[in-house]
Amino acid sequence: MKKNDLTSKIENFLAAPEADKDFISKYMSDLQQKMAVYSKTVGIAASGAGLLSVLFLLISARGVGRFTAFGVEITRYSAVSIAIPPIVALILVRMAAVINYGAVAVQVYKELSKKAYPVLFETGLWDLTVSDYMPFLETPSGIWKGSRLWVLLDKISNFIIAIVALAPYIFFIYAFYILFDTYHVEDFFVWFSLCATTLFSVLTTRILLSEIWEK
């Protein structure tokens, strides 16, 4: 959808007879709740991907022969390790999609604030009411943009985002180095795992880099 189309839809929405202040306020409140759900979903998915990555590291750790996780005995050479990378990659696809859903909700909320409550938009106060849809990666609110502290926190946030964005790919490289070393290059299942992981990783990258709004 083009941004102009979004603006047109919002103008039609606000011009409708039933769109009084209470109705608009209720819809914006629903958007806030939706953004909170997106944030929670991304947080749970990120935690799941992180735990699976740690599990893989435990399985592949030198000197770890076997251990029990959730009542299941896992050996160092367990086939569980082959399944972890594509599962993590699939979780990342879901995360990327939800992040974009959140970005759309934020844009709709912003445009509604701009049209329905100009003073809320002009003062920048709308930004404080928006739930961040990317937990752990929250950027400082624009309401105090320009201060030295804001600039510092913004740089730190951008650095953390870059590290988090690269971490999955570093994990995948390490994981398949271990898997090929353990199961050898002839193993069909390792190659299948690699292909699935690559496919999901490319899909994640495509989703994150694609333009949400057409020009």
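Derivation of every value follows stated rules applied to the coordinates shown; laboratory data play no part. Just so you know, these numbers come straight off a predicted model, no measurement behind them. Cβ sites come from the backbone with ideal geometry, for glycine too, and all protein chains shown count toward neighbours.
Things to note:
- Neighbour-count ranking [beta-carbon atoms within 10 angstrom, fewest first] of Arg94, Arg148, Arg206: Arg148, Arg206, Arg94
- Cβ-defined net charge surrounding Tyr117, 12 Å radius [Lys, Arg +1; Asp, Glu -1]: +2
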